[in-house]
Amino acid sequence: MKLKILVGTMTGTADYVAQAIQMDCADLVDEIEVLMMDGLDINVFGDAPAGSLLYLICTSTYGAGDVPDNARSLYESLDAQPRYLGHVRYGVIALGDSAHQPTFCFGGKKFDERLQDLGAQRVGEVWCHDASSGTMAEAEGTAWCREWLAQAIAAA
């Protein structure tokens, strides 16, 4: 099984989390590819056979609950070029700051909602990291991802 991590970030934190996962979880899957969302659209989800590819959306939240600038084209393409994504199995790491409670982790939550609307199948729950918690998103994200990958592999 291959894991493709799609990264939406403004300050680099989501990229750090994705890189940590790529290093720390390599023993669990055949390959881990990290892709920045810059310039991507719905076609990134392709049509790989079910069970051969797993996606992980790793994104921060920006402004008033928006997706990061580099994730905008992918996010908007999910509406502008909609198609059934029933073959897509995915998870979400949503980064945010609870100081902005009304829109906490909305970047990841928005992707989750759009993907589900198109028939994609989320594995597990959306994992939210709070920047105000004082914990390292990279360490907690890799620990979560190890558990999530085990769940996804067992369900494949």
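Remarks
To keep it simple, each residue is scored yes or no on (1) open to solvent by 40 Å² or more (accessible area, probe 1.4 Å); (2) modelled with pLDDT of 95 or more.
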| site | (1), (2) |
| --- | --- |
| PHE111 | no, yes |
| ARG114 | yes, yes |
| GLY119 | no, yes |
| VAL123 | no, yes |
| ALA131 | yes, no |
| GLN151 | yes, no |
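- Pairing residues of the stretch 11-34 that are closer than 14 Å to ALA150 by Cα with residues that are among the charged types (D, E, K, R), at Cβ distances under 9 Å and at least 6 apart in sequence or on separate chains, gives ILE21/GLU138; ILE21/ARG146; ASP24/GLU138; ASP24/ARG146; CYS25/ARG146; LEU28/ARG146; VAL29/LYS2; ASP30/LYS2.
- Top-ranked residue of the stretch 133-146 - restricted to ones that are without any contact (Cβ under 8 Å) to a residue 40 or more places away in the chain and under 15 Å from ALA20 (Cα atoms), ranked as surrounded by the most Cβ atoms within 10 Å (Cβ to Cβ): GLU140
- Cβ pairs under 7 Å, 6+ apart, first in the stretch 84-105 and on the phi < 0 side of the Ramachandran plot and open to solvent by 10 Å² or more (accessible area, probe 1.4 Å), second in a loop (DSSP other than H, G, I, E, B) and among the acidic types (Asp, Glu): HIS87/ASP47
- Selected residue (criterion: surrounded by the fewest Cβ atoms within 10 Å (Cβ to Cβ)) from residues of the stretch 1-43 that are assigned to a helix (DSSP H, G or I), hydrophobic (A, V, I, L, M, F, W, C) and more than 13 Å from the chain's Cα centre (by Cα): MET23
- Some residue of the stretch 69-76 being charged (D, E, K, R) and either crowded, with 21+ Cβ neighbours inside 10 Å or free of Cβ contacts under 8 Å to residues at least 24 places away in the same chain (or both): yes
The values are calculated or read from the model by the stated rules, or taken from the named source; none is laboratory data. Everything quoted here is computed from the prediction, not taken from an experiment. As a convention, Cβ positions derive from the backbone with ideal geometry for all residues, glycine included, and neighbour counts pool all protein chains shown. Protein only, heavy atoms only, side chains kept; ligands, DNA and RNA dropped before computing areas. Shrake-Rupley method; radii C 1.70, N 1.55, O 1.52, S 1.80 Å.
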